[in-house]
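The values are calculated or read from the model by the stated rules, or taken from the named source; none is laboratory data. Owing to the predicted nature of the structure, the values given are computational and were not obtained by experimental measurement. Here the Cβ is made from the backbone with ideal geometry for all residues, glycine too, and neighbour counts use every protein chain on show. Keep in mind that these areas ignore ligands, DNA and RNA; they rest on the heavy atoms of the full protein, side chains included. Shrake-Rupley method; radii C 1.70, N 1.55, O 1.52, S 1.80 Å.
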Amino acid sequence: MTTIATDLEGTLTTGETWKGMAAWMQAHGRAGAYRAFFYRHLPGAIAARLGFRDKRAFQDQFMAAAARLLAGLGQSELEAVGEWVVTNELWPRRRAEVVAELQAALAQGQRVVLCSATFQPMLEAFARRLGPGVVALGTPLELVGGVFTGRLLGPVRSGSHKAEQLRQFLQGQPLAVAYGDTLADEPMLELARQAVVVYPEPRLRQRALERGWRIHG
């Protein structure tokens, strides 16, 4: 079976998980908690945007901290949050042409694997929208007694952590194609026989030109 791997945010959608979570909290009586969280992390966000600290490292730290906002929710509640975020933020902002390309591959019997730093329940909800049998490899959440502790099971699955999780999933099987949009996706893209960069950031676009990778957008 031919396997295709793809990043989510920036690649399949211009939506952002944290924005979806913020909207969910505002819609479910938790706006105050999110505002307090956001303003605590605002200085770091500004520093990352201005280049005074590593952007990807800040995003990973932000995600790990944001997970604590969902502490205490059960499995079914987390799944409901995931569906809400996808329905209201990620799916409406999907890149229709890239999604259609992957759905065509699914129809041809190819396997599609979503690889993302996005929390597992959100990624699984997007995978269900994409098509039957789509695999989701996201950032897993720690549940004890069926309740989310607010902690992650290991590191945020970005960069090399994303690539390693995919490599373990493949178990030595080849990866035909990989899609990504930022330099953090490069370790995953390098695993594939064919790399596709989707509306890439400038540094990744330059790498793609140097290596003959396909550029979409």
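Some points to look at:
- Under a model in which nothing but the beta-carbon of Lys, Arg (+1) and Asp, Glu (-1) is charged, the range 65-122 shows a dipole of about 160 debye around its Cα centre.
- Antiparallel %, DSSP beta bridges [both residues in the chain], to 5: 20
- With the simple spin-label model, which puts each label point 7 Å out from Cα in the Cβ direction, the ALA96 to GLU142 separation comes to 4.3 nm.
- Summing Cβ point charges (Lys, Arg +1; Asp, Glu -1) relative to the Cα centre of the chain gives a dipole of roughly 380 debye.
- Counting only alpha carbon atoms, the long axis of helix 120-130 and the longest principal axis of the chain meet at about 50°.
- Span per principal axis, largest first, for the Cα atoms of the range 1-44 (Å): 48, 26, 16
- Tilt relative to the chain, helix 96-107 - C-alpha long axis, 0 to 90 degrees, to 10: 70
- In the elastic network of the chain, a GNM with C-alpha springs shorter than 10 Å, the most mobile of LEU152, LEU70, LEU170 is LEU170.
- MRE, 222 nm, helices only [DSSP H, n ≥ 4, -39500 (n - 2.57), over the chain, to nearest 500]: -14500 deg cm²/dmol
- Part-to-part distance (alpha-carbon centres) for the range 169-217 and the range 6-50, which is given in Å: 26
- 10 Å-binned pair-distance histogram of the range 63-135 (Cα, whole percent): 18, 49, 25, 8, 0
- Only Lys, Arg, Asp and Glu carry charge here, each on its Cβ (+1 for the first two, -1 for the last two); on that basis the range 1-124 has a dipole of about 520 debye about its Cα centre.
- Rolling a 1.4 Å probe across the protein heavy atoms gives the range 134-217 an accessible surface of 48 Å² per residue.
- Taking N as its residue count, the alpha carbon Rg of the range 124-217 over 2.2 N^0.38 Å: 1.24
- Theoretical gain in end-to-end length, ALA33 to GLU164 [0.36 nm per residue, Cα-Cα removed]: 43.8 nm
- Per residue, the convex hull spanned by the Cα atoms of the range 100-143 amounts to 65 cubic angstrom.
- Tilt relative to the chain, helix 75-85 - C-alpha long axis, 0 to 90 degrees, to 10: 70
- The chain, accessible surface, carbon-and-sulfur percent (1.4 angstrom probe): 52
- GNM result for the chain, Cα springs below 10 Å: residue of VAL198, VAL147, VAL113 fluctuating most strongly: VAL147
- Cβ-defined net charge surrounding LEU90, 10 Å radius [Lys, Arg +1; Asp, Glu -1]: +1
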